[in-house]
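First comes the structure, then the notes that go with it.
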Amino acid sequence: MIRLVGLLLLCTARHALSIRPGLGAGSRAHSVHRVRSGHRVCAQEGGLSWQEELENVLSLETAQSDREVLVKDLLSRSSEIVGDVAEAFRSGSLGGLVPPTSKSGKLISDFETVQRQVTEDLLPQALKPQILQDAAADAASAAQEASERGPAAVAAVLQDPAKALELVQQEAVNTFSRTPTGLETPPYTPLRSGDGYEVREYPSYGVARVQMGEESATSALAGSRSFRALAAFVFGSNAQSESIGMTTPVRTDVDQLSSSMSFVLPSKYSAATAPAPSDPAVRLQQVEGQTLAVAEFTGFATGGEVERQREQLLAKLRRDGVDIPDGGSSYTVFQYNPPYTIPWLRRNELAMSVSLAPPTTEETEPL
C-alpha cells in the first residue's frame, strides 16, 4: 500500500510540474498494455486501466523490462490518475481507486479478514492461562524433537546441494505467493461453479495421516504436533530414511467424532508403496475419489473462521439445491501455504462432500 501511494504521488507531482515523459499516450497502445498477471498481453483496444498497470508494476511476476515500460506509461497518464483521485475525494468514496474485483481490492479485503481472525479468534484464545501453559510445554517438546530429528532431516536435504539451494530459493518466493510454486498438488476436475464456491471431482490419492482426536481440528497446538510428526516422516523418518518430498495442501478432515491431519503423498506413491513411517502415530491411507464443494478463504484457519466459512458454504449449497449427503456435519480444510507465508496472502479452502445429479439428456446432447 505504501508503494501504491508513492507511485500515485509521483504521478501527481509529475502532472503538477507539467513534465512530459518521452512515452506519449498515443504510443501506449503499441508499447504497453501487454503485461497481465505476469504474462505478456497483446495490445488490445482499450488496453489496461491505470489500476491494472499499477498492479502489474507491483507484481513480483512482472519482468523488470516490462515494469520500466509500465512506470513510464503511468507517468504519461498522470492527468487521468489525478482526475480519478480528485473525483474520489470529491465523492467521498475511494472505491473507484481500488475496485473490489481488482488484485488490490482483494488484498484489502483479505487484510480485513485477517484482522478479524486475529481480534475475534486468536487474541481471545491466546490470553487464556491454560493456552499459554500448553504453548510453553509444546515449545519445549518441539525443541526436543528438533534436537533428535533435526540432524537427520538436514542431512537428507543436503545430500543434493543443488536441490537444497533450489528449495531455499523456492521457499523464499513462497513467502509472498498465494499458491506455492514447485509443490505437487492432487489433480481435480472442475464440475461446476457457484456463488463463491466450486464443485470439483478428485481421484483417489495417498496420504500420510495423523489422528488428532475429538475437538482438536482447530487447536493450534494439536495441529502443530501433528504437522511436526508428518514433516518428520516426509524428511526421512521412515523405514527407508528417504526424503519423499513436500506437497500441498495440508489436509484436515473433521467429522462429529474425530479429526485428522494429512500430507498428500507425491503421485509416484500410493499408500501401499510409500516408505513405512517410523512414528506409529503416522499412518499411510488411500483417500477415495470424492466430489467436493470448495470455498476459498484467506488468512488463518482458526476455529471461528472455519465455522464462518462452513455456515456460508452450507447456506449457498442449500440455496442452489446441491445435495449434501451428511448435511455438512463433516468437512475438510485445505491449507496450501508454509507457516511463514504473509497471512493475508495465504490460501485456504473449506470443502464438503456433495452429490451432483447426473446431467440430463438435453445437457449432454451436442448443440
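Some values worked out for this structure:
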| read-out | value |
| --- | --- |
| Where a residue in the range 261-276 is without any contact (Cβ under 8 Å) to a residue 24 or more places away in the chain and closer than 12 Å to Arg209 by Cα and its partner, wherever it lies, is among the basic types (Lys, Arg) and crowded, with 21+ Cβ neighbours inside 10 Å, with Cβ under 6 Å and at least six apart | none |
| Those residues of the range 187-214 which are over 28 Å from Ala276 (Cβ atoms) and in a strand (DSSP E or B), in sequence order | Thr189, Pro190, Leu191, Arg192, Ser193, Gly194, Tyr197, Glu198, Val199, Arg200, Glu201 |
| Single condition Lys268 does not satisfy, out of (1) under 24 Å from Asp255 (Cα atoms); (2) charged (D, E, K, R); (3) open to solvent by 30 Å² or more (accessible area, probe 1.4 Å) | (1) |
| Any chance Thr302 is open to solvent by less than 70 Å² (accessible area, probe 1.4 Å), of a type in the set (S, T, N, Q), out of contact with any strand residue (DSSP E or B) (no Cβ under 9 Å at 6 or more places or on another chain) and within 30 Å of Leu107 (Cβ to Cβ) | yes |
| Of all residues making up the range 45-72, the number that are among the acidic types (Asp, Glu) and in contact with a Gly (Cβ under 9 Å, 6 or more places away or on another chain) | 2 |
| Neighbours by Cβ (under 8 Å, 6+ apart or cross-chain): first from the range 183-195, of a type in the set (Phe, Trp, Tyr); second assigned to a strand (DSSP E or B) and open to solvent by 70 Å² or more (accessible area, probe 1.4 Å) | Tyr188/Glu201 |
| Test: residue in the range 272-282 that is part of a loop (DSSP other than H, G, I, E, B), β-branched (Val, Ile, Thr) and open to solvent by 20 Å² or more (accessible area, probe 1.4 Å) | yes |
| Every residue from the range 51-75 that is open to solvent by less than 30 Å² (accessible area, probe 1.4 Å) and of a type in the set (Gly, Ala, Ser) | Ser59 |
| All positions within the range 277-309 that are in contact (Cβ under 8 Å) with a residue 12 or more places away in the chain, over 24 Å from Ser204 (Cα atoms) and within 26 Å of the chain's Cα centre (by Cα) | Phe297, Thr298, Gly299, Phe300, Ala301, Thr302, Gly303, Gly304, Glu305, Val306, Gln309 |
| Count of the range 100-119 residues which are open to solvent by less than 40 Å² (accessible area, probe 1.4 Å) and at pLDDT below 80 | 3 |
| Filter pass, Ala146 being assigned to a helix (DSSP H, G or I), under 30 Å from Phe334 (Cβ atoms) and modelled with pLDDT under 65 | yes |
| Considering residues of the range 196-250 that are closer than 10 Å to Met261 by Cβ and among the charged types (D, E, K, R) only, the residue modelled with the highest pLDDT | Arg209 |
| Residue check for Leu317: in a helix (DSSP H, G or I) and open to solvent by less than 10 Å² (accessible area, probe 1.4 Å) | yes |
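The values are calculated or read from the model by the stated rules, or taken from the named source; none is laboratory data. Quick caveat: nothing in here was measured; it's all calculated off a predicted structure. All Cβ positions, even for glycine, are placed from backbone atoms using ideal geometry, and neighbour counts span all protein chains on display. Just the protein is used for accessible areas: all its heavy atoms, side chains included, with ligands, DNA and RNA removed. Shrake-Rupley method; radii C 1.70, N 1.55, O 1.52, S 1.80 Å.
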